[in-house]
Amino acid sequence: MTPGRPEDRREKRATDTNLTDLGWQPFFEQHFAELCETGDIPARVARQEKTRYLLYGEAGELTAEVSGKLRHDAASRADLPVVGDWVVITPRPNEDTATIHAVLPRKSSFSRKQAGAITEAQVVAANVDTAFLVSGLDGGRNFNLARIERYLTLAYESSANPVIVLNKSDVCDEVERCVQDVERIALGVPIHPVSALTTDGLDDLRAYLTVGQTVVFLGSSGVGKSTLINSLLGDERLAVAAVRKGDHQGRHTTTWRELILLPDGGMLIDTPGMRELQMWGNEDAMRTGFQDIEALAEGCRFRDCRHRGEPGCAVKAAVADGTLDAGRLESYRKQERELAHLARKQSQKARLIEKAKWKQIGKWIRDFTKHSPKRREE
């Protein structure tokens, strides 16, 4: 039969794989040896639905919940398992269930700030080798350079390798221009124009999906992530929905994160579309994504130049002579402001936690002194 036909490219089952197929590496082996107890085995989180998890491993597919101790010891949600995590479990094979006792340290984690006023990270996916940052070339808000810049900063912070995927090339008359626009903001990052419908360019994406490699699909609703995954799988496994005609935005057809095993090796993590992409991380990752501005800043007269009107500013000079796009500088400033604000909020939260800790210690000391035998004798 011809490779690529649906009957050839059905999703693999977890029972068909070993740990190496699932991305197991010496890094995880070392930490597992430190955390495991008799009877424990490793497994990988494939899906999370509220408090229950679907796990893949050498015991096959298991449904699991975290232990009470792990939930109690977790300082935040980021300490609990997410899709892509390797975990230490005690399996109950006769019941196809397990208990998760620990989360192994992550080699990479794609995180954003939790929505709202909470200063906490939301880990979108863990232990990812490559992040496909998907945009649509069908107009509307699906192709947004500033948004791509934000995804790049978060990808650099995650330690995964970013790859930009420009989907829907079949409906765009200016594909080359769009690629050139992205090249100016994504220095050295691979860029692949593809079409999920015609399958043009998909072989370029399959090159990243070798055995044991994990790729996460990230992007807004309507850019075609689920359609791309269906094309790579060769079937209609994931639900898709038409985009709105007015702004080309899509509905959330993916409602949870899920690790999918490909028939020829490799794994995909599908994620819901992100309407809100708040920054998480530090300025080092941001500077990696803005290497052009950082290089220009080396020519500024003052080392602490903020590029806002100081004399001898090489960055402002580049904007004036057209070498640097003004919008690019504005994106740099916006991310810089957001990350500085985040750092202040994190520092404030750390102080409050420390204050609460010492307040509790003081209470324990007072209670101990009050009820000590010596005090009662007096």
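The distance between label points at residue 308 and residue 37 comes to 5.5 nm (points 7 Å beyond Cα on the Cα→Cβ vector). The residue 264 and residue 187 beta-carbon pair, evaluated with R₀ = 35 Å, returns a calculated FRET efficiency of approximately 0.65. Computed extension gain for residue 74 through residue 334, at 0.36 nm per residue and net of the alpha carbon distance, reaches 90.4 nm.
What does the charge add up to near residue 66, with Lys and Arg as +1, Asp and Glu as -1, over the other residues with Cβ less than 12 Å from its Cβ?
+1
The dipole here belongs to segment 26-103: it is taken about the Cα centre, uses +1 on the Cβ of Lys and Arg and -1 on the Cβ of Asp and Glu, and is about 340 debye.
Every read-out reported here was derived from the displayed coordinates using simple, explicitly stated rules and does not represent laboratory data. Owing to the predicted nature of the structure, the values given are computational and were not obtained by experimental measurement. Please note: Cβ atoms are built from the backbone with ideal geometry, for glycine as well, and neighbour counts cover all protein chains shown.
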